[in-house]
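Just below is one structure, and these are the notes that go with it.
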Number of protein chains: 2
Amino acid sequence: MRPPIDFYFDFSSPYSYISSEWIGAVAARHGRTVRWHAILLGAANQVTGLVPPIQVPLKRDYLVRDVMRSAAFAGVPIRMPDPFPIATQNAARVFWWLHDADPQRAIAWARAGLRAYFTRHVNLADPTALKALAAEAGLEADAAEAAWNDPVWKARLKAATDAAIAVGVFGAPFIVVDGEPFWGNDRQGQIESWLANGPPRDLV
Amino acid sequence: MRPPIDFYFDFSSPYSYISSEWIGAVAARHGRTVRWHAILLGAANQVTGLVPPIQVPLKRDYLVRDVMRSAAFAGVPIRMPDPFPIATQNAARVFWWLHDADPQRAIAWARAGLRAYFTRHVNLADPTALKALAAEAGLEADAAEAAWNDPVWKARLKAATDAAIAVGVFGAPFIVVDGEPFWGNDRQGQIESWLANGPPRDLV
């Protein structure tokens, strides 16, 4: 069994959403699994001092257009949400709460949360909306709420974000294949080629 | 005849270099020509307040790796230059000097300059090296030097950069197809598809 692919995402990142729709299939085509990592890009940015491109006013119009276009090219449904971006720590804590019992349930939650925010404008930052989404996703909603208020899962998310920063993650999605880092939804072609054939010829 | 594609580049931009190697062929496959625009990304950044991603220390290691990898995937030879970035106004003024007599000669100069900097580390910011490159490219080197010192071509480059900013260019390469803007070397696939089929289905 070849080692898993690491997929770092933030629930409020549109390019994370688009790539979340293909990363599993791409990995499976090459006999790989995916280790998903919910992180807080905002917390990472506080450490790194970076601002996500889509939050730079001058780039925003272009990038919203690029998000819509990239989703359409990928065949992924999307409606650019408002408000955007949103605080995603509660959704991410639920991810880690599920993850440490069963990573597959965490992945299902991640996909449900990303789809809800980016296709139906479910505001994951709103506790009432998030509880309703948890129930819809088959979770026990009160237990989910208890988890996102629990210092254990707060610490777990912080540790996951710190670990991501430590391995060089500075944006989302960030995908690592056998130690090779790929930033962005737009590296799908390179990732596919790398999985199939390894590094391109002439890469030093 | 369908309208030309606009290709905005800076002589010091590695992703501009990579895309400069495919833009002509992509356009030709779809019955298009390319209008090349040498701009000063640094001057644009002074207006916009943006910093190119590759000049952000935390991203630099990743982006240099991505440049090398993207060039290898595209089959484009590259050696990451040092010093990097460099001042490119003289090379760009020569571009406009040639352009206003014969755009094809300007394109040939652009390709020669990008290749020289990114494969042989010819420092385009050094007047002696630039004159030698001009001679190598079949230009009259003294006339090229006179052009880059001429207020006429200084103003021409400034006007070209201002015009680029006015249409929303904030990075390089920046490629506009029938009014649709594409930023970055990594939009080749979308550009090809757009040229062949127009907008993707479901793009609103």
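The values are calculated or read from the model by the stated rules, or taken from the named source; none is laboratory data. Predicted model, so just to flag it, every value in this text is computed and none were measured. Neighbour counts run over all protein chains shown; Cβ positions are idealised from the backbone, glycine included. Quick note on the areas: whole protein, heavy atoms, side chains included, nothing else; ligands and nucleic acids left out. Shrake-Rupley method; radii C 1.70, N 1.55, O 1.52, S 1.80 Å.
Would you call residue B:133 modelled with pLDDT of 95 or more, more than 10 Å from every other protein chain (Cβ to nearest Cβ) and touching a Lys or Arg at 6+ places or on another chain (Cβ under 8 Å)?
For residue B:133, the condition - modelled with pLDDT of 95 or more, more than 10 Å from every other protein chain (Cβ to nearest Cβ) and touching a Lys or Arg at 6+ places or on another chain (Cβ under 8 Å) - is not met.
Residues of the range B:11-31 being out of contact with any Lys or Arg (no Cβ under 9 Å at 6 or more places or on another chain), of a type outside the set (S, T, N, Q) and open to solvent by less than 10 Å² (accessible area, probe 1.4 Å), which ones?
Answer for the range B:11-31, where residues must be out of contact with any Lys or Arg (no Cβ under 9 Å at 6 or more places or on another chain), of a type outside the set (S, T, N, Q) and open to solvent by less than 10 Å² (accessible area, probe 1.4 Å): B:11, B:14, B:18, B:23, B:27.
Could we say that residue A:110 is surrounded by 15 or more Cβ atoms within 10 Å (Cβ to Cβ), touching a residue at least 40 places away in the same chain (Cβ under 8 Å) and within 15 Å of the chain's Cα centre (by Cα) here?
yes
Only residues that are within 18 Å of the chain's Cα centre (by Cα), surrounded by 14 or more Cβ atoms within 10 Å (Cβ to Cβ), among the small types (Gly, Ala, Ser) and more than 11 Å from chain B (Cβ to nearest Cβ): list them for the range A:147-168, please.
Passing the criteria: A:160, A:164.
Can you tell me how many residues within the range B:67-84 are more than 23 Å from residue B:126 (Cα to Cα) and more than 7 Å from chain A (Cβ to nearest Cβ)?
Number satisfying all stated conditions: 6.
Kindly indicate which of A:120, A:156 is of a type in the set (Lys, Arg), modelled with pLDDT of 95 or more and under 26 Å from residue A:26 (Cβ atoms).
The conditions single out A:120.
Filter the range A:169-200 down to the residues that are over 20 Å from residue A:20 (Cα atoms), out of contact with any Phe, Trp or Tyr (no Cβ under 6 Å at 6 or more places or on another chain) and either at the interface with another protein chain (Cβ under 8 Å from one of its Cβ atoms) or assigned to a strand (DSSP E or B) (or both) and list them by number.
A:199, the sole residue that qualifies.
Tell me, please, whether a residue that is of a type in the set (Asp, Glu), open to solvent by 60 Å² or more (accessible area, probe 1.4 Å), farther than 23 Å from residue B:166 by Cα and part of a helix (DSSP H, G or I) can be found in the range B:76-89.
No, the range B:76-89 has no match at all.
Just give me the residues in the range A:59-75 being without any contact (Cβ under 8 Å) to a residue 40 or more places away in the chain and surrounded by 15 or more Cβ atoms within 10 Å (Cβ to Cβ), in sequence order.
Selection gives A:59, A:62, A:63, A:65, A:66, A:68, A:69, A:72, A:73.
Residue check: is residue B:100 over 17 Å from residue B:41 (Cβ atoms), in contact (Cβ under 8 Å) with a residue 40 or more places away in the chain and open to solvent by 60 Å² or more (accessible area, probe 1.4 Å)?
For residue B:100, the condition - over 17 Å from residue B:41 (Cβ atoms), in contact (Cβ under 8 Å) with a residue 40 or more places away in the chain and open to solvent by 60 Å² or more (accessible area, probe 1.4 Å) - is met.
Farther than 27 Å from residue A:168 by Cβ and either at the interface with chain B (Cβ under 10 Å from one of its Cβ atoms) or of a type in the set (A, V, I, L, M, F, W, C) (or both) - does that describe any residue in the range A:36-56?
For the range A:36-56, residues farther than 27 Å from residue A:168 by Cβ and either at the interface with chain B (Cβ under 10 Å from one of its Cβ atoms) or of a type in the set (A, V, I, L, M, F, W, C) (or both): absent.
A quick yes/no check of all residues on (1) touching a strand residue (DSSP E or B) at 6+ places or on another chain (Cβ under 6 Å); (2) touching a residue at least 12 places away in the same chain (Cβ under 8 Å); (3) more than 30 Å from residue A:197 (Cα to Cα):
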residue: B:19; (1), (2), (3): no, yes, no
residue: B:31; (1), (2), (3): no, yes, yes
residue: B:39; (1), (2), (3): yes, yes, yes
residue: B:47; (1), (2), (3): no, yes, yes
